[in-house]
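Quick one: structure below, then a few questions.
The values are calculated or read from the model by the stated rules, or taken from the named source; none is laboratory data. Given the structure is predicted, the values throughout are model-derived calculations rather than measurements. Quick reminder, even Gly has a Cβ in these numbers, built from the backbone with ideal geometry, and neighbours come from all protein chains shown. Ligands, DNA and RNA are stripped out before the accessible areas are found, and what is left, the full protein with its side chains, is counted by its heavy atoms. Shrake-Rupley method; radii C 1.70, N 1.55, O 1.52, S 1.80 Å.
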Amino acid sequence: VDAAEAVAELGDRLSDQINEAIELVQKAVDQATHFGGSLTEAGEAIREFDDPARLAGVVESLVQATETMGHASLELNRRLKASSTKVDQLQSDLLRFQEETHTDALTGIGNRRFFDSVLRTEMSRARRGGRPLCLCMTDIDHFKHWNDTFGHVAGDATLRSVAGLLSETVRDYDSVARYGGEEFAIILPETSL
């Protein structure tokens, strides 16, 4: 399962869990409405009572309705807590998968998907606000020769080193991404040429 499918599946599960929580809340509202109706009926019966035996029956029905409502409330509370825990876990998983789909596994910086997303957002923001935006594209010269001469382990270390250097050099609100292979991109909002 690729990350995009996993994110979609988590989104569906999160949606199902939220719908279940909504149904639980609606059930609680229905139960509270029913309980309120029982209280209203009992109140009317008490006002009209002329027989102590009848009053005892009304009190007994109130006690039963209260016990039923108490048990239902406890069960609802238990189920809502369980649902809340599931929602929290699903949200955490969703955020983790979203992060994974935007992170280059080798270098730990943004990947091409991240780059495309941030560039669209920043271009839109720059156009709307009439603000400058700069994009730097760079690559590592003679990287294939380096890889062929020193091996892929050294090549991977070089890519990680360059990614780290770029990340350390930019401002907090700039975005660094591995564009592909040995190519990197830096998105610089609020920056002119």
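I need a count of the residues in region 162-180 that are in contact with a strand residue (DSSP E or B) (Cβ under 7 Å, 6 or more places away or on another chain), assigned to a strand (DSSP E or B) and more than 11 Å from Gly108 (Cα to Cα).
2
Right, something else. Would you check which residues across region 121-137 are surrounded by fewer than 13 Cβ atoms within 10 Å (Cβ to Cβ) and among the hydrophobic types (A, V, I, L, M, F, W, C) and list them?
Matches in region 121-137: Met137 only.
Any residue in region 125-133 that is within 23 Å of Ala6 (Cβ to Cβ) and not in a loop (DSSP other than H, G, I, E, B)?
no
Have a look at Ala32, Ala65, Ala28, Ala45 and point out the one that is modelled with pLDDT of 70 or more, part of a helix (DSSP H, G or I), farther than 21 Å from Leu80 by Cβ and of a type in the set (Gly, Ala, Ser).
From the options Ala32, Ala65, Ala28, Ala45, the qualifying one is Ala65.
Quick one: count up the residues across region 177-186 that are over 14 Å from Arg113 (Cβ atoms) and of a type in the set (A, V, I, L, M, F, W, C).
Total satisfying the criteria: 2.
Please tell me if Ala157 is under 28 Å from Phe97 (Cβ atoms) and buried (at least 16 other Cβ atoms within 10 Å of the Cβ).
The answer is no for Ala157.
In addition: If you scan region 111-138, which residues turn out to be without any contact (Cβ under 8 Å) to a residue 24 or more places away in the chain and more than 13 Å from Arg178 (Cβ to Cβ)?
Result: Ser117, Arg120, Thr121, Met123, Ser124, Arg127, Arg128, Gly129, Gly130.
Exactly one of (1) in a strand (DSSP E or B); (2) within 29 Å of the chain's Cα centre (by Cα); (3) not aliphatic (A, V, I, L, M) is unmet by Cys136. Its number?
(2)
Which of (1) open to solvent by less than 70 Å² (accessible area, probe 1.4 Å); (2) over 30 Å from Ile187 (Cα atoms); (3) among the charged types (D, E, K, R) does Arg79 not meet, given it meets every other one?
(1)
Please verify whether region 141-158 includes one or more residues that are of a type in the set (A, V, I, L, M, F, W, C) and in contact with a strand residue (DSSP E or B) (Cβ under 8 Å, 6 or more places away or on another chain). Steps first, answer last, please.
Within region 141-158, the first condition is being of a type in the set (A, V, I, L, M, F, W, C), and the residues that meet it are 143, 146, 150, 153-154, 157.
Now drop any that are not in contact with a strand residue (DSSP E or B) (Cβ under 8 Å, 6 or more places away or on another chain), which leaves none.
Within region 141-158, none of the residues are of a type in the set (A, V, I, L, M, F, W, C) and in contact with a strand residue (DSSP E or B) (Cβ under 8 Å, 6 or more places away or on another chain).
Those residues that are assigned to a helix (DSSP H, G or I) and touching a residue at least 60 places away in the same chain (Cβ under 8 Å), I need them from region 77-110; list them, please.
Across region 77-110, the qualifying residues are Ser83, Ser84, Lys86, Val87, Leu90, Gln91, Asp93, Leu94, Phe97, Gln98, Glu100, Thr101.
Further question on the same structure: Collect the residues in region 94-120 that are at pLDDT below 75 and open to solvent by less than 50 Å² (accessible area, probe 1.4 Å), keeping them in residue-number order.
Those that are at pLDDT below 75 and open to solvent by less than 50 Å² (accessible area, probe 1.4 Å): Leu94, Phe97.
Using the structure shown, decide if Leu10 is open to solvent by less than 70 Å² (accessible area, probe 1.4 Å), at pLDDT 75 or above and touching a Leu at 6+ places or on another chain (Cβ under 6 Å).
no
Also: If Leu166 passes every condition in (1) of a type in the set (A, V, I, L, M); (2) more than 30 Å from the chain's Cα centre (by Cα); (3) surrounded by 13 or more Cβ atoms within 10 Å (Cβ to Cβ) but one, which one does it miss?
Of the numbered conditions (1) of a type in the set (A, V, I, L, M); (2) more than 30 Å from the chain's Cα centre (by Cα); (3) surrounded by 13 or more Cβ atoms within 10 Å (Cβ to Cβ), the odd one out for Leu166 is (2).
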